[in-house]
Amino acid sequence: MKFILLLCLLLGVSFAQTEEGGEARIEALAEAGAAAYDAGDYVKAVGLYIRANQLEPNAPLIYNIAVIYERKIDDPQLAIQFYRRYIGSPDVDPEKIPVVNERIIKLKLEIQKREAARAKPDKPAEPTSVKIIKVIQDPIAPPPPPKPSVAPWLVIGTGAALGIAGGVFGVMAQRSADDFDESDLLAVKRDAKDRSQTQALTADILGGAGVAALTIGVIMLWVEGDDASASKASIGFSAHEGGGRVHIGGFL
């Protein structure tokens with residue numbers, strides 16, 4: 001909103017009615033108020049217009065202040081106050097008086113509406129109706145079949161790996177035995193004999209553990225539906241001089 005009419009009126013104020021430099025001061029305040037209004041700082045614009053009006057009372061200034069309070073700051077009480085001051089100003093525009101009176105009536109109605117809304121008690125909550133819901137018992141569906149477990153295959157794979165490792169140590173034991181037979185040196189024969197015995201014992205232990213693991217894996221596949229039995233399956237082995245012992249447990 002531009003205040004060209006306001007500035008023109010201010011420029012026409014008699015120098016005799018203001019102190020020295022007053023006209024320039026009023027014009028500067030009015031221009032600053034217009035700039036603040038254009039920038040959206042309506043509170044600052046009202047303050048500048050009020051200061052300008054204090055230096056030289058002017059109906060257009062008062063009208064602009066009332067409009068800002070009504071439309072921008074949303075303060076109907078102050079808007080009514082400045083509209084009434086505008087109507088009582090000596091330089092009021094007679095043609096605007098009916099329009100201003102209509103605005104005052106509208107603002108009074110708005111104030112009454114807001115006060116009634118604030119005074120209105122909260123609506124009591126309606127009692128919640130209780131609904132009886134009949135629960136229909138559906139037949140219990142059978143549990144889904146258990147998913148196949150990978151544990152048996154892991155055990156079988158472990159058994160196969162142990163069997164292969166036992167075979168490798170068996171081949172190594174045979175080579176050590178061949179070294180014993182082919183050598184004529186006592187130290188070489190003794191070393192070959194020790195290696196052959198150790199490798200043979202390791203081959204027996206690994207082979208036995210592999211067979212045991214394969215057996216357990218097959219049994220686990222057979223009793224896969226019984227998770228408790230499968231989870232308790234165990235394999236163990238121990239070595240002793242001249243051989244080894246394999247322990248199988250968890251199925252008895």
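The values are calculated or read from the model by the stated rules, or taken from the named source; none is laboratory data. Quantities reported herein were computed from a predicted structural model and do not represent experimental measurements. FYI the Cβ positions are ideal-geometry reconstructions off the backbone, even for glycines, and counts take in every protein chain you see.
Things to note:
- Of all residues in the stretch 23-58, those satisfying the criterion of being touching a helix residue (DSSP H, G or I) at 6+ places or on another chain (Cβ under 6 Å) and small (Gly, Ala, Ser) are Ala30, Ala32, Gly33, Ala36, Ala45, Ala52.
- The stretch 64-80, residues that are farther than 14 Å from Glu102 by Cα and not acidic (Asp, Glu): Asn64, Ile65, Ile68, Tyr69, Arg71, Lys72, Ile73, Gln77, Leu78
- Any hit, the stretch 141-163, residues being assigned by TED's automatic domain parsing to the domain that holds Ile205, at pLDDT 85 or above and in contact with a strand residue (DSSP E or B) (Cβ under 9 Å, 6 or more places away or on another chain): yes
- Yes/no for Pro124 being modelled with pLDDT under 95, outside the structural domain of Trp222 (by TED's automatic domain parsing) and under 30 Å from Val223 (Cα atoms): no
- Residue in the stretch 190-199 that is modelled with pLDDT under 80, crowded, with 17+ Cβ neighbours inside 10 Å and out of contact with any Asp or Glu (no Cβ under 7 Å at 6 or more places or on another chain) present: no
- Scan of the stretch 35-49 for residues that are under 46 Å from the mean Cα position of the chain (by Cα) and assigned to a helix (DSSP H, G or I), ordered by number: Ala35, Ala36, Tyr37, Asp38, Tyr42, Val43, Lys44, Ala45, Val46, Gly47
- So Gln54, is it over 21 Å from Ala36 (Cβ atoms) and part of a helix (DSSP H, G or I): no
- Qualifying residue in the stretch 61-75 (condition: of a type in the set (Lys, Arg) and not in a helix (DSSP H, G or I)): yes
- Hits in the stretch 81-94 (condition: surrounded by fewer than 22 Cβ atoms within 10 Å (Cβ to Cβ) and part of a helix (DSSP H, G or I)): Gln81, Arg84, Arg85, Ile87, Pro94
- The residue pairs whose first member lies in the stretch 165-177 and is farther than 13 Å from Ile205 by Cα and free of Cβ contacts under 8 Å to residues at least 24 places away in the same chain, whose second member is surrounded by 14 or more Cβ atoms within 10 Å (Cβ to Cβ) and of a type outside the set (Gly, Ala, Ser), and whose beta carbons are closer than 7 Å, counting only pairs six or more residues apart or on different chains, are Ser176/Arg195; Ser176/Gln199.
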